[in-house]
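The structure under discussion appears below in the form of structure tokens.
The values are calculated or read from the model by the stated rules, or taken from the named source; none is laboratory data. All values reported here derive from a predicted model rather than from experimental measurement. Every residue, glycine among them, receives a Cβ derived from its backbone with ideal geometry; neighbour counts consider all protein chains shown. Please note that ligands, DNA and RNA were not included when accessible areas were found on the heavy atoms of the full protein model with its side chains. Shrake-Rupley method; radii C 1.70, N 1.55, O 1.52, S 1.80 Å.
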Amino acid sequence: MSSRRQNPYRGADARTRAAKAAGFPARSVFKLEEIDRRIGLLRAGMRVLDLGAAPGSWSLYASQRLGRGGKLVAVDLAPLTVALGPQAEVLEADAFAPETAAALATRGPFDVVLSDMAPSTSGDRFTDQTRSFDLFCRALELALGLLRPGGAFVGKIFMGGEFDAARARVRAAFDAVRVIRPEATRQHSYEIFLVGTGLRAPPAPELAEPGA
Ligand code: SAM
């Protein structure tokens, strides 16, 4: 038997090994754990939507935090590799598809929408940033339609020229916006998380269009 087969995590970094040892498929769990710890994001009984959920570290962490009284809906193009509890539902679906939005509308409203969605990287930084911005904007669009007033949004984006526009979109809808680069982010990664808390209720129709 080769040494790699004896130790499947050989060559993995310490965070990857720690995540696997704790039952999580990916080191990304430490990013959500840090965001949760810093802003008090997740509580028992909450309803959470996790976009870009595969292989499943965030969904597993969130479903543990929510407990049996909570509800987690996980969405990804790819299947998850973890078993989640009965409070979780997995949709193998494209976040851009109108049918996905329709399916999610029947499962909301949510207290928290998470998006760790990322494009398959092309090697061209500008292309990857543009795709990441598109995924971020789609996640935010879904969040604005599915969150309850007061709810929170966490969205990943690759740093680039459109970062300020992305932050402005979050600022326009939420009471507070934070930019978080978790310690578990790989040193050379240019990903960052925009966090909006306190979704403002939409204005009453008569206030939305003065004089209408
Ligand atoms: N949060 C995950 C975890 O902790 O295991 C890791 C997410 S991984 C960094 C990014 C995911 O985004 C990939 O699994 C990918 O399939 C998903 N993704 C990319 N584009 C998507 C789309 N249009 N709809 C749904 N998921 C998408």
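Data for the structure
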read-out	value
Some residue of region 36-56 being farther than 18 Å from G151 by Cα and not in a loop (DSSP other than H, G, I, E, B)	no
Failed item, numbered, when A139 is tested on (1) within 16 Å of the ligand (Cβ to nearest atom); (2) in a strand (DSSP E or B); (3) touching a residue at least 60 places away in the same chain (Cβ under 8 Å); (4) of a type outside the set (V, I, T)	(2)
Of residues in region 163-189 being part of a loop (DSSP other than H, G, I, E, B) and open to solvent by 80 Å² or more (accessible area, probe 1.4 Å), the one modelled with the highest pLDDT	R181
Residues located in region 109-133, provided they are free of Cβ contacts under 8 Å to residues at least 24 places away in the same chain and either open to solvent by 60 Å² or more (accessible area, probe 1.4 Å) or within 13 Å of the ligand (Cβ to nearest atom) (or both)	P119, S120, T121, S122, G123, D124, R131
A78 vs. criteria without any contact (Cβ under 8 Å) to a residue 24 or more places away in the chain, assigned to a loop (DSSP other than H, G, I, E, B) and closer than 25 Å to S120 by Cα	no
Test for D94: is it out of contact with any helix residue (DSSP H, G or I) (no Cβ under 9 Å at 6 or more places or on another chain), acidic (D, E) and either surrounded by fewer than 16 Cβ atoms within 10 Å (Cβ to Cβ) or free of Cβ contacts under 8 Å to residues at least 40 places away in the same chain (or both)	no
